[in-house]
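The values are calculated or read from the model by the stated rules, or taken from the named source; none is laboratory data. Quick caveat, the model's predicted, so the values are computed rather than measured. Virtual Cβ from ideal backbone geometry, glycine too; neighbours counted across all protein chains shown. When the accessible area is computed, the model is the full protein with side chains, heavy atoms only, and any ligands, DNA or RNA have been set aside. Shrake-Rupley method; radii C 1.70, N 1.55, O 1.52, S 1.80 Å.
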Amino acid sequence: MTALGRSGVEAGPLGFGAAALGNLYTEVTEEQAHEAVTAAWEAGIRYFDTAPHYGLGLSERRLGAALRARPRASYTLSTKVGRRLEPAATDDGTGDGTGDDLAAGFAVPATHRRVWDFSADGVRRSLEASLDRLGLDRVDVVYLHDPDDHAEQAFREGYPALEKLRSEGVVGAIGAGMNQSAMLTRFVRDTDVDVVLCAGRHTLLDHSALADLLPAALERGVSVVVGGAFNSGLLADPGPDATYDYARAPRPMLDRALRIKATAAAHGITLRAAALSYCAAHPAVASVLVGARSAAEVRDCAEQFAVPVPAAFWQELREAGLLPREEPS
């Protein structure tokens with residue numbers, strides 16, 4: 001276990017990302033969700049991440065239910081703020097709560113709508129609602145979730161609210177979670193966050209966090225949690241229908257993934273093992289989150305994460321121009 005920044009909160013090297021428990025893209029049954037969390041626990045995973053956004057609260061409810069019988073001090077749990085959930089049915093007739101949430105990526109009924117809110121009041125209200133859904137008395141880490149288009153309010157109101165919650169002992173560690181590295185680097189340099197969650201920007205296919213976020217985090221003593229290790233699917237199973245950043249993978253990116261896969265095979269490892277190992281290699285990285293929708297996927301990720309990746313593999317990627325030459329591994 002590694003301490004997140006200067007906080008007393010710890011996270012293991014491999015974490016469980018619970019977006020799929022919110023029916024990401026397709027339905028996951030209650031039984032499958034519970035089995036996935038149980039498999040993660042049996043594999044030694046003790047860091048679990050969720051958010052209200054994932055399935056309009058479904059992920060939080062399922063994760064909380066699956067963890068409720070576990071000793072609370074034995075695991076680390078993070079959730080996010082910035083998107084409050086409000087009932088879709090409204091008195092003024094602008095919504096009736098029917099339809100689905102597939103436009104946002106989740107196969108759930110559209111019973112609620114997301115309201116962007118990085119105000120101090122919004123942060124507290126969101127956290128209180130998350131605790132209700134989780135059925136737990138506390139979470140360990142709270143992230144500002146995707147404040148890309150709300151930077152002013154997030155820095156002026158949302159971040160100070162999290163800092164106050166931390167000083168009050170309500171949460172142990174605070175940070176921000178985004179699919180970009182530039183604003184996360186600003187959080188690292190301009191605030192006193194403990195940890196940032198960077199999704200999809202430190203992978204075998206996207207090295208952008210190497211230029212700004214990772215060196216800044218190392219310099220400031222801020223931990224980085226890496227999400228999106230497989231770039232939403234392409235690095236798990238590259239094929240014509242594979243997704244990259246939640247859309248069909250462009251042909252040049254698919255070709256690049258296939259070249260890395262062939263190199264991995266020549267060194268006796270899988271592309272999945274290489275992808276996970278790459279994410280964990282940088283000294284600023286405290287944990288790698290893997291999203292899984294079944295017990296089998298969890299067990300596979302845990303097995304692949306434990307595979308030693310030979311140094312010759314990284315060297316061959318560098319020589320082929322598939323990795324930056326200065327990349328630590």
Practice prompt. Once you have a ≥ b ≥ c as the square roots of the Cα gyration tensor eigenvalues for region 222-286, tell me rounded if a/c is under 1.5, and otherwise prolate or oblate according to whether a/b is larger than b/c.
Written response: oblate
Worksheet item: Dipole size in debye (nearest 20) for the chain around its Cα centre, Lys and Arg Cβ +1, Asp and Glu Cβ -1?
Response: 620
Worksheet, complete the sentence: Once Y246, Y25, Y54, Y75 are ranked on solvent-accessible area with the largest value leading and a 1.4 Å probe, the list reads Y246, Y25, Y54, Y75
Response to the item:
In whole percent, the fraction of accessible protein surface over the chain that belongs to carbon or sulfur atoms, probe radius 1.4 Å, stands at 51
Worksheet item: How far apart, in nm, are the 7 Å Cα→Cβ label points at E86 and A73?
Response: 4.2
Fill in: Protein-only accessible surface order, largest first, of D100, D149, D206 at 1.4 Å
D149, D100, D206
Item to complete: Mind grabbing the accessible area of F118 for me, 1.4 Å probe, Å², rounded to tens?
Response: 0
Item to complete: Using every Cα-Cα pair within the chain, state what percent have a distance larger than 36 Å.
Response: 15
Fill in: Nearest-0.05 FRET efficiency for L218 and A3, computed from C-beta distance (R0 22 Å)
0.90
Fill in: Residue order for E157, E297 - accessible surface, 1.4 angstrom probe, largest first
E297, E157
Response to the item:
Once normalised by the length of the chain, the mean sequence separation of its alpha carbon contacts under 8 Å that are 6 or more apart gives a contact order in percent of 19
Worksheet entry | Convex hull of region 151-277 built on C-alpha atoms - directionally averaged projected area, nm² | 9.0
Worksheet item: Per residue, how much accessible area does region 136-237 have with a 1.4 Å probe, in Å²?
Response: 33
Item to complete: Using label points projected 7 Å from each Cα along Cα→Cβ, tell me how many nm separate L102 and S294, to one decimal.
Response: 2.1
Worksheet item: At a Förster distance of 30 Å, what's the computed FRET efficiency of Q180 paired with A262, Cβ-Cβ distance as r, to 0.05?
Response: 0.50
Practice prompt. Could you compute the FRET efficiency for R189 and A281, with r as their C-beta to C-beta distance and R0 at 30 Å, rounded to 0.05?
Written response: 0.85
Worksheet entry | Area of K80 that stays accessible when all protein chains are in place (1.4 Å probe, Å², to 10) | 10
Discussion item. Would any residue of region 214-237 have its amide N under 18 Å from a label point 7 Å out along Cα→Cβ of E163? List them or say none.
Written reply: 220-223
Practice prompt. Return the distance in nm (one decimal) between the two label points of a simple spin-label model at W116 and E42, each offset 7 Å from Cα along Cα→Cβ.
Written response: 4.3
